[in-house]
Amino acid sequence: MMKVVVVMLLLQELVSADMTSIKSRKVVPVMPEKISRCELEKEELILPTLQVCASFCSLNNDCNLFCMNGTVCSLYNAKVSTWWSGVTPGITVSYDVCYTTWYLENNLTPFIALTTASAPLSIHRDKQFLANGFMCLNMDHFCYISQRVSFPYWRADLGAFRRVTLIIIITRPGTLSQFEMIEISLGNSSDYNNPLFASYTGPAPPMSNINFQPQNPVTGRYLQVQSKLPISTNMAMCDIQIFS
Ligand SMILES: *[C@@H]1O[C@H](CO)[C@@H](O)[C@H](O)[C@H]1NC(C)=O
Ligand SMILES: *[C@@H]1O[C@H](CO)[C@@H](O)[C@H](O)[C@H]1NC(C)=O
């Protein structure tokens, strides 16, 4: 009964509302199986259209991703970027279509040509998870965590000189969320010994957005994120967004 009322209201809304107000971008509809941990709702739709599924997403403040599979609409708070490839270790699940409502303009992250980093804590904490365009913070992996070492680092070759204005790093949930005394450098030296872009003292709260924004944009190709903590430490990060 409740569901019918909701659908009626939605239909009414669909007729009157401007559907273009729900901004979204298509993404590769293949996700790690563990995306279920970021599931908000799963509904069998009476009127199984993308628009109805999009409306359900827009009515849920935590919804960042909606997927349709047959008549089933699934909503997630996973953050999936347009450059997500669908390729990931482990089991995946497929949908007919998926749309992200989480996208940010002028993002240079997809230009990353090569990453290197201090050894990860395990294969489920590999460097690739930082910039692969998929993030579900309710999962116990799919973030990068370095082993406990002196001055752990994560490096990215941006493929060419890029003008960078802002970098946002999302920290990890839980106990292994160390992100402290961080320095980001950016420049043209391939040995990654480059001028400071911006720094952050911390320690950072888990699951937070940390902004690195210099007074003036910096142009460079080689980017390094490093903890300068004077004792051995893990460095954990779930996502990096680099903006021009
Ligand atoms: C989507 O539907 C296909 C075909 O019925 C099925 O194989 C697949 O497991 C479904 N995906 C999800 C995420 O339920
Ligand atoms: C890197 O080289 C570009 C192009 O020559 C230059 O504009 C930029 O200022 C250089 N970056 C740094 C950090 O020196």
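The values are calculated or read from the model by the stated rules, or taken from the named source; none is laboratory data. No experiment lies behind these values; they were computed from the predicted model shown. Note that we place each Cβ from the backbone using ideal geometry, even for glycine, and neighbour counts take in every protein chain shown. We work out accessible area using only protein heavy atoms, side chains counted, and drop any ligands, DNA or RNA first. Shrake-Rupley method; radii C 1.70, N 1.55, O 1.52, S 1.80 Å.
Mind giving me the FRET efficiency for Thr71 and His124? R0 is 41 Å, r the Cβ-Cβ distance, nearest 0.05 is fine. Approximately 0.75, to the nearest 0.05. Using the Cβ-Cβ distance between Ser232 and Ile46 with R0 set to 51 Å, the FRET efficiency from 1/(1 + (r/R0)^6) comes to roughly 0.35.
Among Pro48, Ala131, Thr115, which residue has its Cα positioned farthest towards the positive end of the charge dipole of the chain, with +1 placed on the Cβ of Lys and Arg, -1 on the Cβ of Asp and Glu, and the dipole taken about the Cα centre? Of the candidates, Thr115 comes out farthest on the positive side. Using only side-chain charges placed at the Cβ, +1 for Lys and Arg and -1 for Asp and Glu, the dipole size of the range 95-244 relative to its Cα centre rounds to 280 debye.
When the chain is fully extended, how far beyond the present Cα-Cα distance does Ser36 get from Thr116, taking 0.36 nm per residue of separation?
That pair, Ser36 and Thr116, stretches by 25.8 nm at full extension.
Counting only heavy atoms of the protein chains, get the accessible area per residue of the chain (1.4 Å probe) and round it to a whole Å² value.
Working: 11800 Å² over 244 residues.
Solvent-accessible surface per residue comes out at 48 Å².
Between the residues Pro29, Pro152, Ser74, the greatest Cα displacement towards the positive end of the dipole of the chain, with unit charges on the Cβ of Lys, Arg, Asp and Glu, is found for Pro152.
Okay, helix-only estimate at 222 nm for the chain: each DSSP H run of n ≥ 4 adds -39500 (n - 2.57), divide by all residues, round to 500 deg cm²/dmol; what do you get?
Details: 2 runs with 24 residues, N = 244.
One gets -3000 deg cm²/dmol as the mean residue ellipticity at 222 nm.
Across all Cα pairs in the range 44-88, the calculated P(r) in 5 Å bins from zero up to the longest distance comes to 5, 22, 27, 23, 15, 7, 1 percent per bin. Across the range 232-244, computed HN-Hα scalar couplings (Karplus, 6.51 cos²θ - 1.76 cosθ + 1.60, θ = phi - 60°) run 4, 8, 7, 10, 10, 8, 9, 7, 10, 10, 10, 10, 8 Hz from first to last residue, x flagging Gly and Pro. Relative contact order of the chain, taken over Cα pairs closer than 8 Å and 6 or more residues apart, is 19 percent.
Quick check: at a probe of 1.4 Å, how many percent of the accessible area of the chain sits on carbon and sulfur atoms?
Numbers: 6280 of 11800 Å².
On the chain, the fraction of accessible area on carbon and sulfur atoms equals 53 percent.
Counting only residues at least eight positions apart within a chain, or on another chain, the lysines with an alpha carbon under 22 Å from that of Lys42 are Lys3, Lys23, Lys26, Lys34, Lys79.
Have a look at the DSSP beta bridges in the chain and tell me what percent are antiparallel, nearest 5.
Details: 58 of 58 bridges.
Given both bridge residues lie in the chain, the antiparallel proportion sits at roughly 100 percent.
When both the range 196-232 and the range 68-147 are represented by their alpha-carbon centers, they are found 21 Å apart.
Decide, for the range 74-127, between rounded, prolate and oblate: order the square roots of the alpha carbon gyration tensor eigenvalues as a ≥ b ≥ c, take rounded if a/c falls under 1.5, and otherwise choose prolate if a/b is larger than b/c, else oblate. It is oblate, given that a/c is not under 1.5 and a/b is not larger than b/c.
Scaled to the compact-protein estimate 2.2 N^0.38 Å, what is the alpha-carbon radius of gyration of the chain, rounded to two decimal places? Please report the intermediate quantities before stating the final value.
Details: Rg = 19.8 Å, N = 244, 2.2 N^0.38 = 17.8 Å.
That ratio works out to 1.11.
How much length would be gained if the chain were fully extended between Val97 and Arg148, taking 0.36 nm per residue of separation minus their Cα-Cα distance, in nm to one decimal? Mind showing how you got there, number by number?
Details: separation 51, 0.36 × 51 = 18.36 nm, distance 4.02 nm.
Gain in length upon complete extension: 14.3 nm.
Ranked by the mean number of other Cβ atoms within 10 Å of their residues, highest first, the peptides 182-189, 43-50 fall in the order 182-189, 43-50.
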